[in-house]
Amino acid sequence: MELDFERCYRAVDSRDQRFDGWFYTGVTSTGIYCRPSCPAVTPKRRNVRFYPSAAAAQGAGFRACRRCRPDTAPGSPEWDVRADVVGRAMRLIADGVVDRDGVPGLASRLGYTERHLHRMLTAELGAGPLALARAQRAQTARTLIETTDLGLAEIAFAAGFGSVRQFNETIREVYAVAPSALRAAPGRSPGAVGAGTISLRLAYRPPLHAPALLDFLTCRALPGIEAVDDGTYRRGLRLPHGPAEVALTPLPGYVAATLRLADVRDLAPAVARCRRLLDLDADPAAVDAVLGADPALAAVVAAEPGVRLPRAADGFELAVRAIVGQQVSVAGARTTVSRLLRPLPVPPSPLVDHEVVVRENGVSQQQLHDQPQRGRAGGELRAFPTPEEILSLPNDAYRMPAARRETIRTLARAVVDDGLDLDQGADRASTVRTLTALPGIGAWTAGYLAMRALGDPDVLLPTDVAVRRGAAALGLPATPADLDAYAIRWRPWRSYAVIRLWRSA
């Protein structure tokens with residue numbers, strides 16, 4: 001990844017937070033690395049080195065700045081947008097694939113050899129997959145140290161480290177202090193909540209139009225799965241090691257997140273999915289600059305800067321909802337899906353406190369308290385059912401045409417039997433081709449999934465009724481062919497234009 005020195009240095013000199021996550025600044029005179037918006041005195045040019053990732057800066061021997069916390073910067077929007085192997089790899093690493101399946105598992109998901117994947121990531125990011133995952137583990141460990149009362153030994157394994165010694169060495173190398181010093185740091189909030197509950201701040205690049213996000217999620221919220229109350233969005237999640245409940249509250253400067261996890265090893269994937277759901281790694285300035293250049297959109301962009309593209313926490317969930325929503329209203333689709341889920345039992349919540357047991361050999365194990373469960377915060381929320389659960393439903397659970405019912409079942413079988421991937425790490429073009437080959441899934445459904453489940457920022461839905469209504473309201477061509485031709489000027493942000501048109505409708 002080529003980093004222009006002058007452009008990067010000007011961003012650092014102006015403390016421009018829009019560049020946070022795009023690159024990192026290593027200062028040779030202090031041995032630390034910072035985010036571009038660090039409030040410290042701008043270092044001299046001769047003492048500055050720029051790196052495309054925190055892992056690359058750590059690999060070069062720099063430790064994280066304690067003042068600007070570069071390890072908590074928003075992710076680079078480049079990896080959020082790009083559909084190539086490196087972009088997919090970064091999304092999968094953020095979701096914890098390397099911690100769970102190792103580099104061989106990551107390479108297998110991407111269809112490349114480990115050696116070639118290492119070459120590609122090193123060329124782009126200055127670090128291989130192990131180093132990138134290690135940087136994420138360090139950030140996960142710091143979050144657990146500062147926001148919970150879990151023992152340090154348990155935190156080591158929960159964060160994905162192979163041993164306590166590896167954990168101690170990494171924390172000392174990245175933060176230049178022992179783990180116990182991070183726990184004793186001034187301003188740390190003691191864990192007043194259960195060990196499985198973690199509160200943290202999710203950074204984003206301003207502006208963020210929170211009402212647009214909450215409006216979108218509110219009118220689509222599934223009872224029992226999601227809820228929006230007093231500016232807070234809550235939902236159930238299915239994570240690699242168990243279920244979870246999350247509460248997200250957009251605030252000026254950050255999103256307050258409360259995560260209640262069945263297993264603290266799921267912290268990194270939970271954070272990645274929350275960020276993905278709210279599109280927190282986007283670059284709204286770049287999006288609004290392109291869309292605002294169109295006179296037809298200029299007024300709405302100026303009135304509502306920072307409108308995001310709500311993504312999906314569960315690709316299969318969104319696919320089912322998209323199929324149900326074919327040619328029906330949003331409210332009608334929500335009602336139909338809610339009825340579809342009624343026959344399925346609500347599983348008991350395993351979200352419990354954790355206890356650390358350290359044996360004589362120093363290996364930490366996690367035990368669960370054998371005690372009654374506390375009530376779920378804010379009500380009963382569960383994750384969306386699995387494909388297997390959907391396949392178990394009888395015919396009379398489907399209050400919809402028989403053809404649509406069979407499309408949902410065909411999709412579920414493709415996920416279960418053929419390994420169809422509907423999440424951010426999937427190959428977008430290949431997944432769209434697979435989807436459109438399934439009976440009952442056309443261009444609108446595949447495009448909607450590409451936009452929200454796969455995260456493609458450049459999808460237009462010209463046949464969508466609300467898109468056409470919004471286009472007409474703004475004086476744009478309203479026929480699908482004419483709108484498709486006109487929308488070329490919105491590339492590569494046509495998905496964000498769709499959100500604008502929906503709001504205008």
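The values are calculated or read from the model by the stated rules, or taken from the named source; none is laboratory data. Nothing here was measured: the structure is a model prediction, and the numbers come from that model. Note that we place each Cβ from the backbone using ideal geometry, even for glycine, and neighbour counts take in every protein chain shown.
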Q) Is there any pair with a first residue in segment 384-402 that is within 11 Å of L341 (Cα to Cα) and a second that is of a type outside the set (G, A, S) and assigned to a loop (DSSP other than H, G, I, E, B) whose Cβ atoms are under 6 Å apart and which are 6 or more apart or on different chains, and what are they? A) F384/I225; F384/D314; P385/L344; E389/L344; A397/P343
Q.
Can you say whether D417 is surrounded by fewer than 17 Cβ atoms within 10 Å (Cβ to Cβ) and either under 21 Å from the mean Cα position of the chain (by Cα) or closer than 27 Å to P269 by Cα (or both), as far as the supplied structure shows?
A. yes
Q. In this structure, does D423 turn out to be over 22 Å from T336 (Cα atoms), out of contact with any strand residue (DSSP E or B) (no Cβ under 6 Å at 6 or more places or on another chain) and modelled with pLDDT under 95?
A. yes
Q.
For segment 108-125, give me the residue count where each residue is assigned to a helix (DSSP H, G or I) and within 15 Å of A426 (Cβ to Cβ).
A. 3
Q. Within segment 1-103, which strands (runs of 3 or more DSSP E) (wholly inside it) include 3 or more residues that are surrounded by fewer than 22 Cβ atoms within 10 Å (Cβ to Cβ) and without any contact (Cβ under 8 Å) to a residue 40 or more places away in the chain?
A. none
Q: Would you please name the residue that is farthest from the chain's Cα centre (by Cα), looking only at residues in segment 433-450 that are more than 21 Å from A466 (Cβ to Cβ) and of a type in the set (V, I, T)?
A: T436
Q. Restricted to segment 235-252, and to residues that are out of contact with any helix residue (DSSP H, G or I) (no Cβ under 7 Å at 6 or more places or on another chain) and buried (at least 22 other Cβ atoms within 10 Å of the Cβ), which residue is nearest to T386 (Cα to Cα)?
A. G236
Q | Scope segment 203-224; condition modelled with pLDDT under 95 and in contact with a Phe, Trp or Tyr (Cβ under 6 Å, 6 or more places away or on another chain); matching residues | A | A203
(Q) Testing A298 on (1) in contact with a helix residue (DSSP H, G or I) (Cβ under 7 Å, 6 or more places away or on another chain); (2) assigned by TED's automatic domain parsing to the domain that holds H209, one condition comes back false. Which one is that? (A) (2)
Q: Any chance you could count how many residues in segment 253-272 are among the small types (G, A, S) and crowded, with 24+ Cβ neighbours inside 10 Å?
A: 2
Q. Just one of the numbered conditions (1) within 13 Å of the chain's Cα centre (by Cα); (2) outside any strand (DSSP E or B) is not true of L237; which one?
A. (2)
